[in-house]
Amino acid sequence: MFTTSDFKKGLVIQLDGAPCLILDVTFQSPSARGANTMVKTRYRNLITSQVLDKTFRSGDKVDEADYGRNKGQFLYADGAKGVFMDLETYEQFEVAEEAFEALAPYLLEGTEVVLGLFEGRLVNVELPMTVELVVTETAPVLKNATATAQTKEAILETGLKLQVPPYLETGEKIKVDTRDGRFISRA
């Protein structure tokens, strides 16, 4: 059991029978005497992927989710689905089309990920913060290109399209931020 004083970003609790990842927590002290402190949370239901808000009173208790994070690896894409393997148990999990669609642009075979397991089934795949991908198609290098304020579109080996600086060429390896799909640097 967790109390509201244990709440922090990244904690997984169980609400309404589902694992929920806390995204944000704010503590609000009331102005009235004798009133309880309110704990406002924003969380993601890991089964439905909904982001919801809920307010608790200070001292409320919630259940701990039967949730584990295991090292995993992306094996291959099976049509529109993805197949991942738990590196501890060598068990394989299939990720449905809707969830895999958001992950696919950042995954190459062998990419290491973190698998979120709830009661023995896969409910969440955490990508690494950055991935290294090769530029397969982009416009030619612009002469006298500087790194400020100019960008051009590039297509990477996974099919991801993003804006890159004008000095990059086809065949170069770059680092991409998986949180927002943004170019970071050359690899």
Residues to consider are GLU132, GLU91, GLU112, GLU101; find the one that is in contact (Cβ under 8 Å) with a residue 40 or more places away in the chain, open to solvent by 50 Å² or more (accessible area, probe 1.4 Å) and more than 30 Å from PHE7 (Cβ to Cβ). GLU132
Within the range 19-50, restricting attention to residues that are touching a Leu at 6+ places or on another chain (Cβ under 7 Å) and assigned to a strand (DSSP E or B), which residue is surrounded by the most Cβ atoms within 10 Å (Cβ to Cβ)? CYS20
Select from the range 115-134 the residues that are within 19 Å of THR158 (Cβ to Cβ) and in a strand (DSSP E or B) and list them in ascending order. VAL125, GLU126, THR130, VAL131, GLU132, LEU133, VAL134
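The values are calculated or read from the model by the stated rules, or taken from the named source; none is laboratory data. Computed from a prediction, not measured in an experiment: that's the story for all the values here. Ideal geometry is used to build each Cβ from the backbone, glycine not excepted, and the neighbour counts take in all protein chains shown. The area values use the complete protein model at the heavy-atom level, side chains included, leaving out ligands, DNA and RNA. Shrake-Rupley method; radii C 1.70, N 1.55, O 1.52, S 1.80 Å.
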